[in-house]
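Down below is the structure, laid out as structure tokens.
What follows is calculated from the coordinates using simple rules that are stated; it is not laboratory data. The shown structure was predicted, so the numbers you read here are calculated from the model rather than taken from an experiment. Neighbour counts run over all protein chains shown; Cβ positions are idealised from the backbone, glycine included.
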Amino acid sequence: MQFSTYTMRIFHLLPLAAVCALASCISEEPMNTECDIEQVMVHLDDPSGMFYHDYDTLQTVSSTEDSIRFLVRSYARPGKMPLSLRVTDRAVPYLVAEDGSETPHRNGALVDFSGGKSVKVRVVSEDRHWSRLYSISMVNDVPSEGDMLLDFNNYALDASGKYYVWTVTDKNALNGLFGASDPTWKNGNPGYRLSASSAKPMDYPSVPVVGGGPDGSACLKLETKSTGAFGNMVNMRMAAGSMFVGEFDVANALKDALKATRFGRPFKHKPVRFSCWLKFEAGESPYQDRQGKPVEGVVDEPDAYIVVYRNQDEEGHEVQLDGNDVLTSPHIVGVARLPHHYKNPDATLPYNGGGDLESGDPIHGVTGEWREYVMDVQYHKEVDPEILANNGYSMVIGFACSWQGAYFRGSLGTRMYVDNVRVVCEK
């Protein structure tokens, strides 16, 4: 390594040990090993002819995602479009041709999506020792009849073999709420892996139970688990089993768990009734607050709900609810939820430590025996049919075994079992 005359003069004035330390500090940093796509954007002069919203031309890509799908209108016929990628620092993206040959991709270059083609992109890290293959495609929206029946029979281990993921099979769900972007339920299992990397798949908070459902089929089990020494260190002492429609950004789970949990997907129908089969067992350990201290006289409770909300604000910006406002956002137009009440009736969500949100006398009525629970969707704002037809509303379906689990409050060992979720829509 060569140094300037000015630097050498500084070295002359320093003790030998300090010179060695300074030389070490200004040595070349190691090359980056990351090779992820962080954002994808296509450019059109008039996006409205192909996309429902202008912001649909941009997608932020989760660190666990390698299949990127843009939802386009049912009649749209995608062709060649300028494609831009934001990749991790100093990584290089390559377009992969059908014959396997690769060419560096320049942002804004035309890429052919015609005929349902899936564009392959390989991102290579700066040190060239690591790479990751992505597929990018345009998927036409398919009409849905609305009503959905969702079971939990279709599950498999994720690509790492660490935890289970569930895929929906209901035709209306695939053509409506789940289909184009991602046909899988989301939960906190990827986050739990950060605290319990050696856990077996059946030790995670969200797991399948073979033959455990009310009709003898597989069902879903959600359990509140300890996150051990790691959880204590980051003040996240428990992980409540959950399942929801949306996205979980595991890369930001430790930084801001509530914001990393993003709820809802666009839906063209107005739900009027929500039902599900549930059974529930409160944990035998004392209910605890976020600091791990017991809270006397409080019984853990489950949660099940759907939320309908306007997914665009008055200025045309995209709105997606997260753990901070999934039940409190001013964009919400309708909710169906298991009933709860508080010791302090003036307390509000989200919990900020200033009020007692729990009750020693739960009223949800869920017991250790299977039972179907039916909830009507209560609307406090009108749903605009034209906005609805253009993907202007999103719907959330959510379950949690500890209803305050998002705030790391609950009883370890609390379990809820879920099966046969049904959504009935207005005809």
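With springs only between Cα atoms under 10 Å, which of Q291, Q320, Q59 fluctuates most in a Gaussian network model of the chain?
Checking each option, the largest mean-square fluctuation is seen for Q291.
Could you calculate the contour length gain from E296 to L44, that is, 0.36 nm times the residue separation minus the distance between their Cα atoms, to one decimal place in nm? Please report the intermediate quantities before stating the final value.
Numbers: separation 252, 0.36 × 252 = 90.72 nm, distance 5.89 nm.
Length difference between fully extended and current span is 84.8 nm.
Using alpha carbons only, how many degrees (0 to 90, rounded to 10) separate the axis of helix 16-25 from the longest principal axis of the chain?
It works out to around 60 degrees.
Which residue fluctuates the most in the chain, going by a Gaussian network model with Cα springs under 10 Å, if the choices are A218, A406, A109?
Comparing A218, A406, A109 in the GNM, the peak value goes to A109.
Go through region 244-330 and name the trypsin sites (Lys or Arg not before Pro) that are in a DSSP coil and have 11 or fewer other Cβ atoms within 10 Å of their Cβ. Let's see the in-between values first.
Working: sites: K255, K259, R262, K268, R273, K279, R290, R310; in loops: K255, K268, R290.
Sites meeting the loop and neighbour criteria: K255.
Report the full-extension gain for the segment N235 to S135: residue separation times 0.36 nm, less the Cα-Cα distance, to one decimal in nm. Could the numbers behind the result be given before it?
Working: separation 100, 0.36 × 100 = 36.00 nm, distance 3.73 nm.
That works out to 32.3 nm of additional length.
Please give the Cα centre distance for region 152-189 versus region 300-327, rounded to the nearest Å.
20 Å
Percent relative contact order of the chain, based on C-alpha pairs within less than 8 angstrom and at least six residues apart?
Values: 969 pairs, mean separation 69.2, N = 427.
The normalised contact order for the chain reaches 16 percent.
From the Cα gyration tensor of region 203-343, with a ≥ b ≥ c the square roots of its eigenvalues, which class applies: rounded if a/c is under 1.5, or else prolate if a/b is larger than b/c, or else oblate?
Working: a/c = 1.66, a/b = 1.25, b/c = 1.33.
Oblate, because a/c is 1.5 or more while a/b does not exceed b/c.
For S197 and E386, what is the calculated FRET efficiency with R₀ set at 45 Å and r taken between the beta-carbons, to the nearest 0.05?
Taking R0 as 45 Å, the efficiency between S197 and E386 is 0.40.
Remind me, relative contact order of region 114-191 in percent, using alpha carbon pairs under 8 angstrom and six or more residues apart? All intermediate terms of the calculation are to be shown ahead of the outcome.
Details: 100 pairs, mean separation 17.6, N = 78.
In percent, rounded to a whole number, it is 23.
Hand me the chymotrypsin sites (Phe, Trp or Tyr not before Pro) from region 58-153 located in a DSSP loop with no more than 12 other Cβ atoms within 10 Å, in residue order please. Please report the intermediate quantities before stating the final value.
On the way: sites: F70, Y75, Y94, F113, W130, Y134, F152; in loops: Y75, F113, W130, F152.
Answer in residue order: Y75.
What longest range of the chain stays clear of loop-exposed GluC sites (Glu not before Pro) (DSSP non-H/G/I/E/B, at most 14 other C-beta within 10 angstrom)?
Working: sites that count: E28, E98, E145, E284, E296, E314, E315, E369, E382, E426.
It works out to 146-283.
Please list, ordered by chain and number, the residues whose modelled amide H lies under 5 Å from the amide H of G246; skip anything fewer than 5 residues away on the same chain.
Counting only residues 5 or more places away or on other chains, the set is K186, G264.
Using the Karplus equation 6.51 cos²θ - 1.76 cosθ + 1.60 (θ = phi - 60°), what ³J(HN,Hα) coupling, rounded to whole Hz, does each residue of region 300-316 give in order, writing x for Gly and Pro?
The phi angles translate into 5, 9, x, 9, 8, 6, 10, 10, 10, 9, 6, 9, 8, 8, 5, 9, x Hz.
Quote the convex hull volume per residue of the chain, based on C-alpha atoms, as a whole number of Å³. Don't skip to the answer; put the middle values down first.
Details: hull volume 89.1 nm³, N = 427.
Dividing the Cα hull volume of the chain by its residues yields 209 Å³.
State, as an integer percentage, the relative contact order of region 195-263 based on alpha-carbon contacts under 8 Å between residues 6 or more apart.
23 percent
Only helical DSSP H runs with n ≥ 4 go in: add -39500 (n - 2.57) per run for the chain, normalise by residue count and round the 222 nm mean residue ellipticity to 500 deg cm²/dmol. If you can, show how the numbers build up before the last one.
Values: 7 runs with 46 residues, N = 427.
Taken over the chain, the calculation gives -2500 deg cm²/dmol.
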